[in-house]
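These notes concern the structure reproduced below.
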Amino acid sequence: MMTKLDLLSVLPEMLLLAAACAVLLIDAFLAETRRAVGFWLAQLSLLAGAWAILATVRLEPAHVLHGLVVADLLATMLRFFACIAVSLALFYSRGYLAARGLFRGETFVLALFALLGMMVMIAAGSLLTLYLGLELLALSLYAMVAMHRTSDRAAEAAMKYFVLGALASGMLLYGMSMVYGATGSLDIAAIARAVTAERGALGGGSRLLLVFGLVFVVSGIAFKLGVVPYHMWVPDVYQGAPTAVTLLIGTAPKLAAFAFMLRLLAVALAGLEFDWQGMLLVLSLLSMILGNVIAIAQTNIKRMLAYSAIANMGFLLLGFLAANLAGYSAAMFYVVTYVLTSLASFGMVMLLSREGFEAEEIADFKGLNRRSPWWAFVMLLVMFSLAGVPPTVGFYAKFAVLEAAVSAGFVWLAVAAVLASLVGAFYYLRIVKLMYFDEPSDTTPIVARGDTRALLSANGLALLLFGILPQPLMGLCVVALVQSGFL
């Protein structure tokens with residue numbers, strides 16, 4: 001591997017930072033009727049960022065900027081998907097934001113800065129870079145949750161998110177300081193070498209310090225993923241934030257959290273595999289059970305999707321438990337397809353919303369098939385994918401992580417996961433039942449922009465396409481991990 005000053009590897013981040021500043025300045029001089037200029041500038045920025053990511057792809061992994069950044073295929077793939085996810089989120093949210101007075105430059109700039117934080121996290125080669133990216137992402141999201149100033153729910157959600165997020169960041173930073181104290185380095189590769197050294201590098205006291213640090217690190221990661229028992233913020237933030245912001249929180253940051261977890265646990269602390277496997281096992285089991293059980297009682301679809309997210313992150317951890325290439329690739333495939341599914345789910349919620357009406361209740365989906373058979377079909381694909389019903393991609397994603405868990409010897413946990421998934425199928429299929437068998441409670445025509453309709457339709461069909469042909473995406477995940485050194 002190379003270690004050098006190579007600004008080309010961070011070209012996407014530099015472009016995105018310059019674009020975010022430019023959008024902020026230009027928007028300050030735009031008239032209220034020309035806010036769409038800021039929107040299209042943000043989309044152009046995302047397109048430029050995605051192009052730069054693909055243009056700077058490396059065939060061999062490299063550590064650049066003195067080890068602060070890792071330029072590998074894993075970083076390329078996840079950063080590219082994050083750009084696509086944020087772009088789709090802004091497209092889906094366009095009409096929703098305009099109807100609520102949130103279609104303005106601050107929204108687009110904060111989204112770009114949040115994406116910048118994600119990209120820094122994904123390509124981090126040092127604990128310092130990881131933490132800086134995490135805080136840039138978190139601060140941007142805190143502000144976005146509170147943007148709807150006239151909403152008491154949004155203000156309350158933002159306060160809870162900020163307080164709990166600050167606590168989790170403190171725990172994570174404390175854990176990182178212990179890891180630094182035990183290994184004498186902030187560089188992830190150097191930490192990995194110190195942890196896996198057989199003799200001399202670590203004494204008994206240093207190992208104890210590492211294990212204590214690991215507890216705090218895992219706690220911080222668990223909060224960012226929103227798994228039990230660090231899930232308290234998820235339902236309140238999902239419900240309280242404007243749906244457009246909920247869409248952003250529930251999608252692209254999951255990719256960054258996956259990369260964060262991979263860099264820290266599977267690389268830096270790979271030598272403590274036995275210790276963190278036990279922690280993840282408990283987190284995974286509790287998340288799958290509580291997430292699916294509590295979701296049954298929800299009448300608000302955003303809260304239901306919040307508990308669904310908790311359960312799905314429990315499934316994601318099944319791949320990590322295997323602690324091998326098969327498990328990590330299954331987890332990567334899972335998180336990418338989950339983000340794709342979540343984009344469509346919240347996109348449908350915003351599609352049914354309009355000025356003065358939030359389609360947040362499950363009852364709002366009653367009789368959707370009579371109002372629009374096509375959108376009912378798209379929502380059916382989303383619910384089937386979340387439930388893991390073939391031939392949607394959610395089935396193959398769940399199968400992949402379950403197979404990895406069974407191969408690693410966690411048969412009883414895989415059985416528990418299947419049972420939890422059966423419980424979860426109830427509240428997903430309840431939405432399908434309401435759409436196809438109940439009388440509509442709202443007969444207002446569904447109106448959406450042409451680009452939103454096209455992209456949301458393509459998103460829904462992609463859930464079916466990747467379910468029928470999952471091999472290309474799964475193969476890409478495996479290749480990215482192999483090239484990045486996960487053998």
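If you check 339, 349, which single one turns out to be touching a residue at least 40 places away in the same chain (Cβ under 8 Å), in a helix (DSSP H, G or I), of a type in the set (Val, Ile, Thr) and over 17 Å from residue 454 (Cα atoms)?
339
Conditions (1) under 24 Å from residue 91 (Cα atoms); (2) out of contact with any Asp or Glu (no Cβ under 9 Å at 6 or more places or on another chain); (3) open to solvent by less than 10 Å² (accessible area, probe 1.4 Å), marked per residue:
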| site | (1), (2), (3) |
| --- | --- |
| 239 | yes, no, no |
| 245 | yes, yes, yes |
| 252 | yes, yes, yes |
| 256 | yes, yes, yes |
| 265 | no, no, yes |
| 274 | no, yes, no |
| 279 | no, yes, no |
| 287 | no, yes, yes |
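In the set 65, 15, 25, 44, which member is aliphatic (A, V, I, L, M) and either in contact with a strand residue (DSSP E or B) (Cβ under 7 Å, 6 or more places away or on another chain) or open to solvent by less than 60 Å² (accessible area, probe 1.4 Å) (or both)?
Exactly one residue qualifies, and that residue is 65.
Looking only at segment 51-62, filter to residues that are hydrophobic (A, V, I, L, M, F, W, C) and open to solvent by less than 40 Å² (accessible area, probe 1.4 Å); which one of those is nearest to the chain's Cα centre (by Cα)?
My answer is 53.
For segment 352-374, which residues satisfy the criterion of being basic (Lys, Arg) and assigned to a helix (DSSP H, G or I)?
370, 371 - these are the residues of segment 352-374 that are basic (Lys, Arg) and assigned to a helix (DSSP H, G or I).
Inspect segment 234-254 for any residue being part of a helix (DSSP H, G or I) and within 20 Å of residue 322 (Cα to Cα) and give the result as yes or no.
yes
State yes or no: is residue 449 charged (D, E, K, R) and at pLDDT 90 or above?
For residue 449, the condition - charged (D, E, K, R) and at pLDDT 90 or above - is not met.
Of the conditions (1) open to solvent by 10 Å² or more (accessible area, probe 1.4 Å); (2) touching a strand residue (DSSP E or B) at 6+ places or on another chain (Cβ under 9 Å), residue 260 satisfies every one except a single condition; which number is it?
(1)
For residues that are assigned to a helix (DSSP H, G or I) and basic (Lys, Arg), scanning just segment 111-164, find the one that is surrounded by the most Cβ atoms within 10 Å (Cβ to Cβ).
160
I need the helices (runs of 4 or more DSSP H) fully contained in segment 1-109, keeping only those with at least 1 residues that are of a type in the set (D, E, K, R).
11-28, 73-99
The values are calculated or read from the model by the stated rules, or taken from the named source; none is laboratory data. Keep in mind it's a predicted model, so treat the numbers as computed, not measured. Reconstructed Cβ throughout: ideal geometry from the backbone, glycine too, with neighbour counts over all protein chains shown. Note: accessible area is taken over every heavy atom of the protein model, side chains too, but ligands, DNA and RNA are not part of it. Shrake-Rupley method; radii C 1.70, N 1.55, O 1.52, S 1.80 Å.
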